[in-house]
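Below is one structure, written out as structure tokens, with a few remarks after it.
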Amino acid sequence: MRAHLATALSAALAATALAGCSTSDDTIRIGAIAGLTGNFITAEVVRTAQRVFDDANEAGGVNGKKIEFIVKDDAGNPQRTAQVARELDSEGVVAMAASASFTDCDVNDAFYRQSDISSIMAVAASPKCFQSPNIAPVNVGPFTLMTAVLLYASEELDAKAVCNFTVVLPGSEDAIKQALGDWERISGQKLVVNDMTVQQSGDLTPYLLKAKQAGCDAILFNPAEQLVVPWLQAAKTQGMSDVDFLLLAPAYTDSVATAVGGLGLKVHAGSEFEPYTVESPANAAWRDTVNRAQQPATAFSQGGYLAAKFLVDVLRTIEGEVTRESVNAALRGMAPIEHPMLGTPFTFGTGESHAPNQASKMVRLDGTKWVVASDEFITIPAGG
């Protein structure tokens with residue numbers, strides 16, 4: 001009995017290994033992990049990516065084969081995140097593209113290395129997403145974006161007393177410190193206040209009083225709308241209409257604009273990509289794609305579009321069989337891809353870590369609408 005079980009197990013493992021390294025006869029399998037249920041829904045990311053792959057298939061596919069896009073829902077559950085990565089491996093994906101899971105990088109980085117799976121990620125937020133040889137996000141991410149937003153304050157707004165108030169999530173402290181330190185080295189300025197003790201609940205007024213006492217003329221605040229809205233409402237109560245409030249991409253939403261646009265405050269945010277609220281030539285192809293996919297036009301769907309498009313571009317450079325091995329070789333040897341929605345070219349390369357997107361545009365609130373505040377991308381200098 002044990003011998004039969006061992007034989008069956010060996011056969012299953014062999015089949016899994018084979019499936020993990022090559023495509024099926026008529027398809028190229030690409031995987032993604034996203035939140036289709038749970039508290040962090042990213043469905044528009046993978047549905048926009050699906051439209052990109054459908055367009056590629058309708059144009060003849062890649063090397064005569066159609067792309068099969070396999071999306072797994074992790075529901076924001078780390079155990080499920082680990083499980084679905086292994087399911088995708090066993091189903092024979094040659095790469096990952098357009099994943100949008102807050103737990104994917106932390107949970108699966110080691111597995112991707114072990115299994116030689118490369119991922120062009122659409123929405124990355126954890127430091128590990130930018131510290132892996134197997135993951136290259138298309139978005140800027142919160143840490144590089146911090147540096148870019150602060151550079152906008154010091155270079156474009158001429159802020160002299162720049163302050164930071166940050167919620168530090170587990171595992172992100174070192175990345176935040178590096179981002180702030182990068183700005184200080186590039187700008188030659190020092191933060192007047194650097195408070196990394198902000199809690200995710202409770203009264204925010206004491207932090208604002210601290211900023212007033214220090215004479216801050218520009219204040220960076222990193223959370224998303226669940227804290228940004230009460231933060232700005234408290235700032236209005238404190239009469240801080242002369243301060244430039246600096247926010248990150250998670251706060252760049254229509255709902256934030258509606259909630260705080262009438263407060264009369266100076267509010268700015270980093271957009272990561274070409275601002276999604278803008279009808280510009282840079283956004284034209286993405287907007288057409290997201291409309292045909294019947295998905296909302298958001299920064300998330302921008303990430304899904306770009307991740308899928310870049311992988312299709314790389315797949316088309318492969319001569320011969322499309323396997324996990326050939327995809328990995330193509331990604332690591334790829335020429336940088338320039339795209340008008342990005343301020344710096346996308347590349348994967350051979351490095352032990354990947355953060356190709358080093359630029360962001362800025363938007364500001366004008367009434368209850370976001371408008372472009374910087375026509376040019378704010379780009380982190382090389383070596384910054």
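The table below gives the values:
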{"item": "Set 279, 225: member being more than 26 Å from residue 380 (Cβ to Cβ) and without any contact (Cβ under 8 Å) to a residue 60 or more places away in the chain", "result": "279"}
{"item": "From 93, 71, residue being touching a strand residue (DSSP E or B) at 6+ places or on another chain (Cβ under 8 Å), assigned to a loop (DSSP other than H, G, I, E, B), surrounded by 19 or more Cβ atoms within 10 Å (Cβ to Cβ) and not small (Gly, Ala, Ser)", "result": "93"}
{"item": "Only one of 280, 271 that is crowded, with 23+ Cβ neighbours inside 10 Å and of a type outside the set (A, V, I, L, M, F, W, C)", "result": "271"}
{"item": "Residue 250, sole failed condition from (1) modelled with pLDDT under 95; (2) open to solvent by less than 10 Å² (accessible area, probe 1.4 Å)", "result": "(2)"}
{"item": "Matching entry among 335, 330, 308 (being more than 18 Å from the chain's Cα centre (by Cα), part of a helix (DSSP H, G or I) and not polar (S, T, N, Q))", "result": "330"}
{"item": "Residue within the stretch 40-56 that is more than 21 Å from residue 302 (Cβ to Cβ), surrounded by fewer than 17 Cβ atoms within 10 Å (Cβ to Cβ) and not aliphatic (A, V, I, L, M) present", "result": "no"}
{"item": "Selection status of residue 245, open to solvent by less than 50 Å² (accessible area, probe 1.4 Å), modelled with pLDDT of 95 or more, assigned to a strand (DSSP E or B) and touching a helix residue (DSSP H, G or I) at 6+ places or on another chain (Cβ under 7 Å)", "result": "yes"}
{"item": "Which numbered condition residue 320 misses (of (1) modelled with pLDDT under 95; (2) at positive phi; (3) touching a Lys or Arg at 6+ places or on another chain (Cβ under 8 Å))", "result": "(3)"}
{"item": "Options 374, 353; residue that is out of contact with any Leu (no Cβ under 9 Å at 6 or more places or on another chain), touching a residue at least 60 places away in the same chain (Cβ under 8 Å) and open to solvent by less than 20 Å² (accessible area, probe 1.4 Å)", "result": "374"}
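Here's the yes/no breakdown for (1) open to solvent by less than 30 Å² (accessible area, probe 1.4 Å); (2) at pLDDT below 95; (3) of a type in the set (Phe, Trp, Tyr):
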| position | (1), (2), (3) |
| --- | --- |
| 189 | no, no, no |
| 196 | no, no, no |
| 217 | no, no, no |
| 223 | yes, yes, no |
| 231 | yes, no, yes |
| 234 | yes, no, no |
| 258 | no, no, no |
| 275 | yes, no, no |
| 284 | no, no, no |
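The values are calculated or read from the model by the stated rules, or taken from the named source; none is laboratory data. Everything numeric in this text was worked out from a predicted model, so none of it was measured. Cβ coordinates were reconstructed from backbone atoms using ideal geometry, including for glycine residues, and neighbour counts include every protein chain displayed. Surface areas here come from the heavy atoms of the whole protein model, side chains and all, with no ligands, DNA or RNA. Shrake-Rupley method; radii C 1.70, N 1.55, O 1.52, S 1.80 Å.
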